[in-house]
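Structure first, commentary second.
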Amino acid sequence: MNITERWWRASSKPHSPLTLRPRRHPVFTVALCVTLLVALAIPAARPAARPLAGSDVVFDFRPAADILSMWPGVGKGATEAPRRVRSSERRAALKLGQSPAHRALRSFIAAENRCVLTDDNFARVVTHPDSTLCGLSLQPAYADRDKLRALVAELRGRADSLRPRIAAEAGRYLPPAELWRPIRIWFVVSSRWSFDAVTLPPDMAGTVEPIVLVNLTEVIEYGATTTERVETLAHVLAHEAFHSALRQREPVLGGWAKYPLSARSPLNYIARIMADEGVAHWVDWRERPGADSIFTARVPGPREAKAFDQLALAVRRVRDRGGDAGARTEVLQMASTGPLWSKYGAISGMFAAYRIESRLGLDSLRAAIGGGPGEFLKMYGRVAAADTLLKRVPAALSGG
Ligand SMILES: [Zn+2]
């Protein structure tokens, strides 16, 4: 199945009916040609640039709901292994594995775990959740299946209020655009302790837009009740929506081309993580309960100080010509992966974004994102230069 083609057709305008009309009368044809020439001569009115809107955010709960529908309710038996699976169940599981969201999930798992999750293996993990194949285990999701069902129902019920909220929070830091591609969010159930949400590039998801995958199994850990889980998830969705929207705008925003999502140029990579992950984390954390104890107005708090100290150390280590390539790669990975407060690139960038917005205003931070990571670091450099209490970005990174 050509998924790219499917998505392209699903999201593009239908063909003009004019191209399908049979030839009628010469007068009709001449009139049609004149109309077309006039239409071509008048430049079409360009839509006005606008911020990201709720209608740009598209939720798809089916991938998770389809898997959950295959499992019996808690206490309804059939939990013991090995259980007998009907051939129709197996066929349904194989078919689920072919859906765009599960293909994307399988590509992601394959890349993360360096193995191939075949059609048969994916189906087996669904029909026998006690199996672990290629690092995918649905046992925790199976055990929590009723909580997951409640979560999907709550998300469905609140989708109309969540989408504009997510768009407003993510779009706040992006320059307005004439045209936004959809921010597609696919909800899946996957392993626990793997990922909670991730933005995948189109080539990995087989789509034309970046895709946000949300692992609801992990979202169960966000809180004790469905309501608490949805509240926290809203922040995480805004975080990923920012990444997704930024990816689609990057080619037309000046200053991002020099900072790709690859570690070929280590310093540019760290700068990119600080701007991209930094602002995404600021979107995510600025309105969470307890944010006022993290973002301390006058003096950097311990988390802010630690992130900048680790950033300075990381920059020294990646510039050390004596160090081996493996160690350098590891240092770069730690910029945005690992325990939350140890992700030195994402966290120092989050505090830099907070300082820019609180000292220079929202418009300045948005302009910095429009200008790319170099502009973001320069702007923070000016804020830090005006207040000796603030932590500095290493000169090698900001080009200073
Ligand atoms: Zn992120």
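The values are calculated or read from the model by the stated rules, or taken from the named source; none is laboratory data. This is a predicted model, so every value here is computed, not measured. Please note: Cβ atoms are built from the backbone with ideal geometry, for glycine as well, and neighbour counts cover all protein chains shown.
Quick notes
- Condition broken by Ile294, with the remaining ones in (1) of a type in the set (Val, Ile, Thr); (2) outside the structural domain of Gln139 (by TED's automatic domain parsing); (3) within 16 Å of the ligand (Cβ to nearest atom) satisfied: (3)
- Residue among Glu178, Glu221, Glu228 that is in the same structural domain as Phe122 (by TED's automatic domain parsing), under 20 Å from His243 (Cα atoms) and either surrounded by fewer than 21 Cβ atoms within 10 Å (Cβ to Cβ) or out of contact with any Gly (no Cβ under 7 Å at 6 or more places or on another chain) (or both): Glu178
- Applying the condition of being outside any helix (DSSP H, G or I) and touching a residue at least 40 places away in the same chain (Cβ under 8 Å) to the stretch 202-249 and asking which residue is nearest to the ligand (Cβ to nearest atom) yields Leu213.
- For the stretch 294-317, residues that are crowded, with 20+ Cβ neighbours inside 10 Å, within 17 Å of Tyr269 (Cβ to Cβ) and of a type in the set (A, V, I, L, M, F, W, C) total 4.
- Filtered by the rule that a residue be in contact with a Gly (Cβ under 7 Å, 6 or more places away or on another chain) and within 18 Å of Asp66 (Cα to Cα), the stretch 137-175 gives a lone residue, Asp146.
- Odd one out for Asn268 among (1) away from the ligand (no atom under 16 Å from the Cβ); (2) part of a loop (DSSP other than H, G, I, E, B): (2)
- Boolean, Val283 is more than 16 Å from the ligand (Cβ to nearest atom), of a type in the set (A, V, I, L, M, F, W, C), under 19 Å from the mean Cα position of the chain (by Cα) and modelled with pLDDT of 95 or more: no
- Candidates Val126, Val116, filtered to the one that is closer than 16 Å to Leu216 by Cβ, in the same structural domain as Trp186 (by TED's automatic domain parsing) and among the hydrophobic types (A, V, I, L, M, F, W, C): Val126
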